[in-house]
Amino acid sequence: MQYVIEQQAAPSLPVAGSEARFPVRRVYCIGRNYAAHAIEMGHDPDREPPFFFQKNPDNLDPSGVFPYPPKTSDVHHEIEMAVALKSGGIDIPIQSALDHVLGHAVALDMTRRDLQGEAKKLGRPWEIGKAFERSAPIGPLHPVAETGHLDQGRIALNVNGERRQDGDLNQMIWKVPEMIAYLSEYFELAAGDIILSGTPAGVGPVAVGDTLEGSIDGLGSFVVKVV
Ligand code: MN
């Protein structure tokens, strides 16, 4: 195949215990999926229909380094569990949704909160606050074959050794099978898709020099240095 410009390599993620990598197709992120976080952002945590935004596949960054992005002075950490799909489809039933999950990873939905706030106020899309370069640091994928499906267990984030975010996967308002089923009504899901499953309470700003350590029971921890 010939291309008129150089073809970019597909973004991919490391898989724990394997030399093979996971090629990324799309990245979906749910908003306000833990009640305590919805409340801290000024919203009613009632079980309204879920909503999603997207990041770009090449925003995922397994390097463990997060360069402070431009045009902002308020970048927040959001610790989240990433769910990686090995298959997909449309109108996936909740009952079989987990069959499509390859594995999970510890991830961060880094957010230019000031730009996201302006966008919200003006009724504009969120990309400028969410989908910037290297905005989704992510650890290695842990296959379900090793960990089982994760629907409970601690999810936490330390900044410079101090606990900032703390929750349990069982506090998700929309559970992983529900998110997959819901998304598949609106989009065709497929192998390579990643879903970021929302953040517990305690989001806050980061500064250059900070060390972020995210952890999820069953997945270990992932360290990111802000530079
Ligand atoms: Mn988030």
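The values are calculated or read from the model by the stated rules, or taken from the named source; none is laboratory data. Computed from a prediction, not measured in an experiment: that's the story for all the values here. We place every Cβ from the backbone using ideal geometry, glycine too, and count neighbours over all the protein chains shown. With ligands, DNA and RNA removed, areas are computed over all heavy atoms of the protein, side chains included. Shrake-Rupley method; radii C 1.70, N 1.55, O 1.52, S 1.80 Å.
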Original post:
Does residue 122 fit the bill of being away from the ligand (no atom under 16 Å from the Cβ), over 17 Å from the mean Cα position of the chain (by Cα) and over 27 Å from residue 16 (Cα atoms)?
Top reply: yes
Original post:
Being at pLDDT 95 or above and either within 16 Å of the ligand (Cβ to nearest atom) or of a type in the set (Lys, Arg) (or both), is that true of even one residue in the stretch 140-153?
Top reply: no
Original post:
Residues in the stretch 161-172 that are open to solvent by 90 Å² or more (accessible area, probe 1.4 Å) and more than 8 Å from residue 200 (Cβ to Cβ): how many?
Top reply: 3
Subject >> So residue 137, is it open to solvent by less than 40 Å² (accessible area, probe 1.4 Å), within 15 Å of the ligand (Cβ to nearest atom) and part of a loop (DSSP other than H, G, I, E, B) >> reply: no
Original post:
So, in the stretch 198-227, of the ones that are in a strand (DSSP E or B) and within 16 Å of the ligand (Cβ to nearest atom), which residue ends up nearest to residue 73 (Cα to Cα)?
Top reply: 205
Original post:
Taking interchain pairs and intrachain pairs at least six residues apart, which have beta carbon atoms under 7 angstrom, with the first residue in the stretch 213-226 and under 11 Å from residue 66 (Cβ atoms) and the second in a strand (DSSP E or B) and of a type outside the set (A, V, I, L, M, F, W, C)?
Top reply: 223/211; 223/213; 224/137; 225/211
Subject >> Candidates 117, 129, filtered to the one that is crowded, with 21+ Cβ neighbours inside 10 Å, of a type in the set (Gly, Ala, Ser), touching a residue at least 12 places away in the same chain (Cβ under 8 Å) and in a helix (DSSP H, G or I) >> reply: 129
Subject >> Scan of the stretch 130-154 for residues that are touching a Phe, Trp or Tyr at 6+ places or on another chain (Cβ under 9 Å) and at negative phi, ordered by number >> reply: 130, 131, 135, 137, 138, 139, 140, 141
Subject >> Verdict on residue 145 being surrounded by fewer than 21 Cβ atoms within 10 Å (Cβ to Cβ), among the aliphatic types (A, V, I, L, M), over 14 Å from the mean Cα position of the chain (by Cα) and more than 24 Å from residue 212 (Cα to Cα) >> reply: yes
